[in-house]
1. For region 170-201, what are the residues that are of a type outside the set (Phe, Trp, Tyr) and open to solvent by 70 Å² or more (accessible area, probe 1.4 Å)?
2. Which numbered condition in (1) among the aliphatic types (A, V, I, L, M); (2) modelled with pLDDT under 85; (3) surrounded by fewer than 16 Cβ atoms within 10 Å (Cβ to Cβ) is the only one that Ala77 fails?
3. Residues being farther than 25 Å from Gln127 by Cβ and touching a residue at least 12 places away in the same chain (Cβ under 8 Å): count how many of those fall in region 50-97.
4. Mind checking which residues of region 92-116 are open to solvent by 20 Å² or more (accessible area, probe 1.4 Å) and among the small types (Gly, Ala, Ser)?
5. Of the residues in region 12-53, how many are loosely packed, with under 11 Cβ neighbours inside 10 Å and modelled with pLDDT of 75 or more?
6. Restricting region 63-74 to residues that are closer than 13 Å to Gly129 by Cα and not charged (D, E, K, R), which is surrounded by the most Cβ atoms within 10 Å (Cβ to Cβ)?
7. Run Glu114 past the list (1) assigned to a loop (DSSP other than H, G, I, E, B); (2) at pLDDT below 85; (3) not small (Gly, Ala, Ser) and report the number of the one that doesn't hold.
8. Kindly provide the set of residues from region 53-110 that are within 30 Å of Glu178 (Cβ to Cβ) and not in a helix (DSSP H, G or I), ordered by number.
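The values are calculated or read from the model by the stated rules, or taken from the named source; none is laboratory data. Everything quoted here is computed from the prediction, not taken from an experiment. Counting neighbours? That spans all protein chains shown, and the Cβs are built from the backbone with ideal geometry, glycine included. All accessible areas refer to the heavy atoms of the entire protein, side chains included, with ligands and DNA or RNA removed. Shrake-Rupley method; radii C 1.70, N 1.55, O 1.52, S 1.80 Å.
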Amino acid sequence: MSINQAEIKAILEAAILRCSQVGYPLNEQQKEILLETVLDSFNPIGQNPLDELSMEERQILLDFIFEQEQKNLSWKASLLNDWLNNKDSGNVQFIRESYGIGWLNRVQPIHWKEYLEQISITREKLQIGDRIEVSNRLWEWVQENNLLTQEWYVCQVVGLKDIEDGESSYTNCLIRFENGAEFEIEGIYQWNKVNWRFFKP
């Protein structure tokens, strides 16, 4: 008979309650360690904890992670601070209510980056906040037969504008480099499509 993580958690919580009933209550840290240790032992090696979320939950969490990362904040620390201060975490409150600290501790950068990379590969259109790499061919001449002189620079998309010009239409993209300088790429999906790519950390 197979047993899922929700059932394991229910059994552990019953055991914790039983400890209290017989006069040996566990403190909060002991409860967390017990839950985390047992749940981790049932987690198959290599399994991505994000696979356990529904598609909608996963998308909400990935949006939250991406938003926090763009602000150079630790998304885990943000959640834990909310939990310690008994503060509602908004859209990601479900992590606390349905999955808990044991699940949160299992999530490593490799897990959520795997999903963000899949999204980048399958998504063709840019969104504000995306990190991309752009080629120096956008602003200087690079010999076609010597691409060793081509360089790539990481930047962030800060603006997108659809242009209607008579019978043709194209999209311009405003990017910001890490030094704060900004640059507008004309026809990012049209004639400049070869000069940018999604950034893969």
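1. Arg176, Glu178, Asn179, Glu182, Glu184, Glu186, Gln190, Lys193, Val194, Arg197, Lys200, Pro201
2. Ala77 satisfies all of (1) among the aliphatic types (A, V, I, L, M); (2) modelled with pLDDT under 85; (3) surrounded by fewer than 16 Cβ atoms within 10 Å (Cβ to Cβ) except (2).
3. Within region 50-97, residues that are farther than 25 Å from Gln127 by Cβ and touching a residue at least 12 places away in the same chain (Cβ under 8 Å) number 5.
4. The one that is open to solvent by 20 Å² or more (accessible area, probe 1.4 Å) and among the small types (Gly, Ala, Ser): Ser98.
5. The qualifying residues number 11.
6. Among residues in region 63-74 that are closer than 13 Å to Gly129 by Cα and not charged (D, E, K, R), the one surrounded by the most Cβ atoms within 10 Å (Cβ to Cβ) is Ile65.
7. Unmet condition: (1).
8. Those that are within 30 Å of Glu178 (Cβ to Cβ) and not in a helix (DSSP H, G or I): Lys71, Asn72, Leu73, Ser74, Ser89, Val107, Gln108.
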